[in-house]
Amino acid sequence: MATHNGCIDPQRVMETQGKASGTRAPCAGRTRRSDRYLASLAVALLLASLAPIGSALARDDSGSFGRWQWSVGRCERNLEGLAPSSCGRVQVDQATEGMLTIRFIASGPKRDGNNVLLFVGLLPKGEAPMRCRQGSCEPVGPVRAEVSTVSEHSFDGRGVAEGLPKAWPAEGSCRVALAEVSCEAKALSGERWRAQAHL
């Protein structure tokens with residue numbers, strides 16, 4: 001049977017058998033899923049490479065985009081392969097339609113530096129986004145996002161990135177509500193993360 005990269009090639013089957021009846025392309029769904037992960041991974045790398053701890057996003061009069069940010073009363077998260085540790089701030093950005101980036105920010109290893117655990121989440125169909133006004137957002141009700149990527153990055157005291165971010169395609173979910181933000185995800189390669197913050 002004609003194959004390409006381990007997948008059935010229906011075009012070649014048609015050419016060799018004269019018909020495509022009864023032949024399926026089992027890689028189609030997997031390819032779409034892989035494309036989604038690669039696109040989300042590229043977005044995460046771009047977002048993590050930008051200083052995420054500065055001022056809010058550019059103001060947007062449409063009310064669709066902006067940032068929700070607060071210092072937390074209790075916050076805990078883990079980095080890849082490490083035990084849970086405390087964090088001090090959470091940022092939730094709604095910069096692209098249907099997508100949230102959720103950052104759990106802790107002090108970095110260097111003075112005045114920061115370390116960021118970032119989840120990229122896609123809103124399921126029909127899920128209401130945060131309500132934004134002039135670049136400032138807040139959830140009207142609990143907002144759920146399906147995690148597609150997790151990344152880790154460190155910044156020095158000037159907000160300059162220290163090296164390249166580490167990023168993983170992942171599966172999981174985040175929940176953003178007025179009193180709590182939580183995320184849980186597992187990388188396709190087995191790494192796990194949990195993060196939770198309360199006002």
Criterion: within 24 Å of residue 83 (Cβ to Cβ), among the charged types (D, E, K, R) and out of contact with any Ser or Thr (no Cβ under 8 Å at 6 or more places or on another chain) - qualifying residue of 103, 131, 158: 103
Looking only at region 142-191, and only at residues there that are out of contact with any helix residue (DSSP H, G or I) (no Cβ under 6 Å at 6 or more places or on another chain) and among the polar types (S, T, N, Q), the one that is nearest to residue 108 (Cα to Cα): 154
Check on residue 129, within 17 Å of residue 181 (Cβ to Cβ) and open to solvent by 30 Å² or more (accessible area, probe 1.4 Å): yes
Region 91-121: number of residues that are surrounded by 18 or more Cβ atoms within 10 Å (Cβ to Cβ) and under 14 Å from the mean Cα position of the chain (by Cα): 16
Region 155-172 residues that are in a loop (DSSP other than H, G, I, E, B), paired with ones that are at pLDDT 95 or above (beta carbon under 6 Å, 6 or more apart): 165/151
Conditions (1) over 24 Å from residue 107 (Cα atoms); (2) assigned to a strand (DSSP E or B); number of the one not met by residue 196: (1)
Given (1) more than 23 Å from residue 148 (Cβ to Cβ); (2) modelled with pLDDT of 90 or more, number of the condition residue 109 does not satisfy: (2)
Residue satisfying all of: in region 163-199; more than 20 Å from residue 74 (Cβ to Cβ) and in contact with a Lys or Arg (Cβ under 8 Å, 6 or more places away or on another chain); most open to solvent (accessible area, probe 1.4 Å) among these: 192
Verdict on residue 148 being in contact (Cβ under 8 Å) with a residue 24 or more places away in the chain and in contact with an Asp or Glu (Cβ under 7 Å, 6 or more places away or on another chain): no
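The values are calculated or read from the model by the stated rules, or taken from the named source; none is laboratory data. Just so it is clear, the model here is predicted, and its values are computed rather than measured. For neighbour counting, all protein chains shown are included, and Cβ atoms are generated from backbone atoms with ideal geometry for every residue, glycine included. Protein only, heavy atoms only, side chains kept; ligands, DNA and RNA dropped before computing areas. Shrake-Rupley method; radii C 1.70, N 1.55, O 1.52, S 1.80 Å.
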